[in-house]
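Got a structure for you, written out below as C-alpha coordinates; questions coming shortly.
The values are calculated or read from the model by the stated rules, or taken from the named source; none is laboratory data. Because the structure is a prediction, the values reported are computed rather than measured. Accessible surface is based on the protein model in full, side chains and every heavy atom, while ligands, DNA and RNA are left aside. Shrake-Rupley method; radii C 1.70, N 1.55, O 1.52, S 1.80 Å.
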Amino acid sequence: MTITERAAYIKGLAEGLGIDDSTKEGKIINALIGAIDDMSLTISDLEAQIDELSEQVETIDEDLGSLEEDFYDLDDECGCGCEDDEDDDYLDGDLYEVCCPTCGDTVCIDSDMLEEGQTTCPNCGELLEFDLEEDCGDDHCDCDK
(Lines give C-alpha, C1' and ligand atoms only; values in the text may rest on other atoms or scores of the structure.)
Protein backbone atom coordinates (compact mmCIF):
# COMPACT_ATOMS: atom_id res chain seq x y z
CA MET A 1 0.00 0.00 0.00
CA THR A 2 1.45 3.37 -1.02
CA ILE A 3 1.48 6.37 1.26
CA THR A 4 -1.33 8.07 -0.69
CA GLU A 5 -3.44 4.92 -0.44
CA ARG A 6 -2.83 4.78 3.32
CA ALA A 7 -3.82 8.44 3.70
CA ALA A 8 -7.01 7.81 1.71
CA TYR A 9 -7.75 4.76 3.90
CA ILE A 10 -7.39 6.83 7.11
CA LYS A 11 -9.57 9.57 5.64
CA GLY A 12 -12.24 6.98 4.78
CA LEU A 13 -12.11 5.53 8.31
CA ALA A 14 -12.60 8.97 9.81
CA GLU A 15 -15.55 9.70 7.52
CA GLY A 16 -17.06 6.32 8.41
CA LEU A 17 -16.86 7.12 12.12
CA GLY A 18 -18.94 10.24 11.59
CA ILE A 19 -16.61 12.55 13.51
CA ASP A 20 -18.42 15.69 14.60
CA ASP A 21 -16.69 18.81 13.23
CA SER A 22 -18.30 21.01 15.88
CA THR A 23 -16.29 19.52 18.76
CA LYS A 24 -12.68 20.38 19.60
CA GLU A 25 -11.57 16.77 19.13
CA GLY A 26 -13.35 16.49 15.77
CA LYS A 27 -11.65 19.65 14.48
CA ILE A 28 -8.20 18.35 15.52
CA ILE A 29 -8.75 14.91 13.96
CA ASN A 30 -9.98 16.40 10.67
CA ALA A 31 -7.03 18.84 10.61
CA LEU A 32 -4.59 15.96 11.19
CA ILE A 33 -6.20 13.90 8.44
CA GLY A 34 -5.94 16.90 6.07
CA ALA A 35 -2.25 17.32 6.96
CA ILE A 36 -1.59 13.60 6.38
CA ASP A 37 -3.32 13.84 2.99
CA ASP A 38 -1.22 16.88 1.99
CA MET A 39 2.02 15.20 3.15
CA SER A 40 1.22 12.02 1.23
CA LEU A 41 0.69 13.99 -1.98
CA THR A 42 3.95 15.92 -1.45
CA ILE A 43 5.89 12.70 -0.77
CA SER A 44 4.40 11.11 -3.88
CA ASP A 45 5.48 14.12 -5.99
CA LEU A 46 8.99 14.01 -4.50
CA GLU A 47 9.32 10.29 -5.26
CA ALA A 48 8.36 10.94 -8.89
CA GLN A 49 10.93 13.75 -9.14
CA ILE A 50 13.65 11.55 -7.60
CA ASP A 51 12.89 8.78 -10.12
CA GLU A 52 13.16 11.28 -12.99
CA LEU A 53 16.43 12.73 -11.65
CA SER A 54 17.88 9.24 -11.17
CA GLU A 55 17.20 8.41 -14.81
CA GLN A 56 18.83 11.68 -15.91
CA VAL A 57 21.91 11.04 -13.73
CA GLU A 58 22.28 7.53 -15.17
CA THR A 59 22.13 8.95 -18.70
CA ILE A 60 24.72 11.61 -17.85
CA ASP A 61 26.96 8.97 -16.25
CA GLU A 62 26.79 6.79 -19.37
CA ASP A 63 27.56 9.78 -21.62
CA LEU A 64 30.48 10.81 -19.39
CA GLY A 65 31.85 7.28 -19.48
CA SER A 66 31.80 7.34 -23.28
CA LEU A 67 33.54 10.72 -23.34
CA GLU A 68 36.21 9.53 -20.90
CA GLU A 69 36.92 6.48 -23.04
CA ASP A 70 37.22 8.63 -26.17
CA PHE A 71 39.23 11.46 -24.57
CA TYR A 72 41.60 9.46 -22.41
CA ASP A 73 41.95 6.57 -24.88
CA LEU A 74 41.61 3.95 -22.16
CA ASP A 75 42.79 1.13 -24.43
CA ASP A 76 46.51 1.89 -23.89
CA GLU A 77 48.97 -0.72 -22.71
CA CYS A 78 49.66 0.39 -19.15
CA GLY A 79 46.03 1.20 -18.32
CA CYS A 80 46.72 4.58 -16.76
CA GLY A 81 45.74 6.81 -19.67
CA CYS A 82 49.27 8.01 -20.46
CA GLU A 83 49.89 6.26 -23.77
CA ASP A 84 53.22 7.51 -25.14
CA ASP A 85 52.17 8.72 -28.62
CA GLU A 86 54.25 11.12 -30.65
CA ASP A 87 50.99 12.84 -31.72
CA ASP A 88 50.27 14.03 -28.18
CA ASP A 89 51.38 17.64 -27.96
CA TYR A 90 50.84 17.79 -24.22
CA LEU A 91 53.61 15.29 -23.46
CA ASP A 92 56.98 17.03 -23.07
CA GLY A 93 59.33 14.16 -22.41
CA ASP A 94 59.79 10.57 -21.58
CA LEU A 95 57.22 8.70 -19.57
CA TYR A 96 58.10 6.06 -17.03
CA GLU A 97 55.90 3.42 -15.46
CA VAL A 98 56.23 2.96 -11.71
CA CYS A 99 54.45 0.30 -9.68
CA CYS A 100 53.04 1.57 -6.37
CA PRO A 101 54.27 -0.73 -3.58
CA THR A 102 51.11 -0.16 -1.53
CA CYS A 103 48.28 -0.76 -4.00
CA GLY A 104 50.14 -2.31 -6.94
CA ASP A 105 48.71 0.26 -9.38
CA THR A 106 50.88 1.25 -12.34
CA VAL A 107 51.56 4.99 -12.31
CA CYS A 108 52.94 6.86 -15.32
CA ILE A 109 55.31 9.70 -14.47
CA ASP A 110 57.17 12.14 -16.66
CA SER A 111 60.73 13.38 -16.39
CA ASP A 112 59.68 16.49 -14.41
CA MET A 113 58.05 14.35 -11.73
CA LEU A 114 61.11 12.12 -11.70
CA GLU A 115 63.42 15.12 -11.16
CA GLU A 116 61.26 16.32 -8.25
CA GLY A 117 62.05 13.02 -6.59
CA GLN A 118 58.53 12.24 -5.46
CA THR A 119 54.86 12.07 -6.39
CA THR A 120 51.70 10.62 -4.90
CA CYS A 121 49.89 7.56 -6.20
CA PRO A 122 46.57 8.71 -7.71
CA ASN A 123 44.94 5.45 -6.64
CA CYS A 124 45.82 5.20 -2.92
CA GLY A 125 47.55 8.52 -2.12
CA GLU A 126 50.86 6.84 -1.10
CA LEU A 127 53.95 9.07 -1.42
CA LEU A 128 56.26 7.59 -4.05
CA GLU A 129 59.88 8.72 -3.76
CA PHE A 130 62.60 8.34 -6.39
CA ASP A 131 66.34 8.22 -5.72
CA LEU A 132 68.27 9.13 -8.87
CA GLU A 133 71.77 9.01 -7.33
CA GLU A 134 73.95 6.27 -8.78
CA ASP A 135 76.45 4.30 -6.73
CA CYS A 136 79.85 3.92 -8.44
CA GLY A 137 80.19 0.43 -6.98
CA ASP A 138 83.47 1.07 -5.09
CA ASP A 139 82.92 0.39 -1.37
CA HIS A 140 85.97 2.50 -0.43
CA CYS A 141 85.06 5.49 -2.57
CA ASP A 142 83.77 8.75 -0.99
CA CYS A 143 82.36 10.17 -4.25
CA ASP A 144 78.69 10.93 -4.66
CA LYS A 145 78.43 8.55 -7.63
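To the nearest 10 square angstrom, how much accessible area does TYR96 have with a 1.4 angstrom probe?
Near enough 90 Å² of accessible area.
Go through the range 37-45 residue by residue and turn each phi into a ³J(HN,Hα) via Karplus (6.51, -1.76, 1.60, θ = phi - 60°); whole Hz please, and just put x for glycine and proline.
Once θ is set to phi - 60°, the couplings for the range 37-45 become 5, 4, 5, 5, 5, 5, 5, 4, 5 Hz.
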